Each structure stands twice: as C-alpha cells, then as structure tokens.
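Structure, as structure tokens:
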Amino acid sequence: MALTNPQYDAIMRMYNERQLRHQREQQEHIRIAYEKIPRLAEIDAEIASLSVRKAKAMLNGDASMDLDLNAAIRDRSQERAALLSMHGYPADYLELTYDCPLCRDTGYINGTQKCACFKKAAVDLLYRQSNVEELLKAENFSQFSLDYYSDSLTSTGTPLTSREAAAAALEKSQAFVRNFGSSFENLFFYGDTGVGKTFLSHGIRSFPEKPARAEADASARLWALPAHSGRNFHSNAALPLSGHYQGWVRLRLGNLLSGSTRV
C-alpha cells in the first residue's frame, strides 16, 4: 500500500508517542521499586559499573576478567529478580516494555523490514481517512441479512437455494477470520453484481475476532469479482498470493453455486 509523506510521518509519530509512553512507564516503575526496595538502586549502580569495566576489559583483550565480570553481573541480575519477586513484582518490572516486541515500537524489524504492526497501522490510517470505518458500522456480519435471498430459487447444477448459498458464504467468511492464523486458504468471491461480495469483505475487515495480522495480510488473500468478469476460478489461481498461502476457498453468491475447493 502506498503512503504519502504526511501519512508516513503520522504513523512514525505514533511510534514515537508509544516509545515515550513506555519510557515514562519504566521510569515510574523504577521510582516506585527504588522507594520500596532501596537495594535495587544499589544493584543497578553496581551492574552499570561492572558493565563499564567489562567494556574496558574487552577493549584491552583481557578475556579472564571479562568472564569474571559476566558472572558478577549475572549474580546481581539474579538478586534483583529475586528481590522483585519477593515483594510481589514481576521479574521484568524494571525493564522497558513495548506494544510490539517484534519491532520494539519502531515499525521496522532489523531496521529495514516493515513490521506487521506497521502494516496494520497503515491499513487503519487509510481506512480512517477514507471514511470506510463509518461504512463498516453498517456493513458487517451482524448486519448481513439472509432475508434478501430466495429460499426457493436454485441455479443449474446445484441443489442449494440462494439463501442456502448466502448462508454458506457467510459461515465460510467468518471461519476465514477465526482460523486466519492456522488455516492457509484464500477467499475468492464471485457472483452477480449486488449479491453481497463487497458486503462480506467489509464484514471480514470489521469482524471483532479478527487477529491483528489479518488486517495487514487479508487484502492479498481475498478477491471479489463479478460473475461476468470473463475470468473463472481456476484462471485466478495464478494471481499473486501472500507468502505461502496456496489454498483457495471458492464462494459463489446469489442464485449461484456456493462451495469450497482446493487447487
């Protein structure tokens, strides 16, 4: 997805705000812990001093001193964890935390690869600016009504009525989101214009049980084409996929066939 410079800057400001928030939280944790357990301040000062000595030993090539300093730092770290546990704090209470441990709230993994949380933030930003979020309040799974589909009309070659086909498509769309992290299939919607393909895709975007990563990846795993587009299911199996997702779930709406197939 292409971002303008202002959009990119807005996302990076969000990351900066996260980092500052967690830094303030860490400083507050340190203040509270030092007041309640004064020995912690002494331990941290000793670790800082030992770390400086370790750096000097490494520069001087003194391997034996480096090993001794490692042991001393490890002992004090263990003492700190024990003191925190003794007073009811988790072992990492004094550590800096992150909203996203993968990128440490920078948006990038290893400085170059965009993190999944960055992609999610970009999707959220684009949705907000396009006013699609307002649309999703009206077009979601809870608003999908089967009353618009005939319970008697069937299409050639299938015993399913339009209502049964729509119900099956709704269930498969919900299952796609629920199983996003464990089932590696794509959704392929096709059918006549106005039978619910876009409505279901909006439902996937707004589904409350959707894992975070689905917001960033689902667009590459979901296609919606009109039945008269001139393309068929098998020809579209060659369209670009996301990562290793190689399966397809075929969903046909209206008075057409609804089913699932892997190719």
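What to note about this one:
- For the range 130-187, the candidate set comprises residues that are part of a loop (DSSP other than H, G, I, E, B), under 28 Å from the mean Cα position of the chain (by Cα) and small (G, A, S); within that set, the residue that is surrounded by the most Cβ atoms within 10 Å (Cβ to Cβ) is S183.
- Pick from the range 76-118, criterion farther than 22 Å from S51 by Cβ and among the β-branched types (V, I, T), ranking: surrounded by the most Cβ atoms within 10 Å (Cβ to Cβ): T106
- Whenever a residue of the range 12-38 is among the hydroxyl-bearing types (S, T, Y), its partners that are in a helix (DSSP H, G or I), lying with C-beta atoms within less than 6 angstrom and at least six residues away or across chains, give the pairs Y34/L40; Y34/A41.
- G88 vs. criteria small (G, A, S), over 30 Å from H202 (Cβ atoms), at pLDDT below 90 and not in a helix (DSSP H, G or I): no
- Any chance E79 is more than 30 Å from A2 (Cα to Cα), among the acidic types (D, E), part of a helix (DSSP H, G or I) and at pLDDT 90 or above: yes
- Verdict on L3 being under 27 Å from V123 (Cβ atoms) and either touching a residue at least 40 places away in the same chain (Cβ under 8 Å) or assigned to a helix (DSSP H, G or I) (or both): yes
The values are calculated or read from the model by the stated rules, or taken from the named source; none is laboratory data. Only a predicted model underlies this, so the values are computations on that prediction, with no experimental measurement involved. A quick note on method: Cβ atoms are made from the backbone with ideal geometry, for glycine too, and the neighbour counts reach across all protein chains shown.
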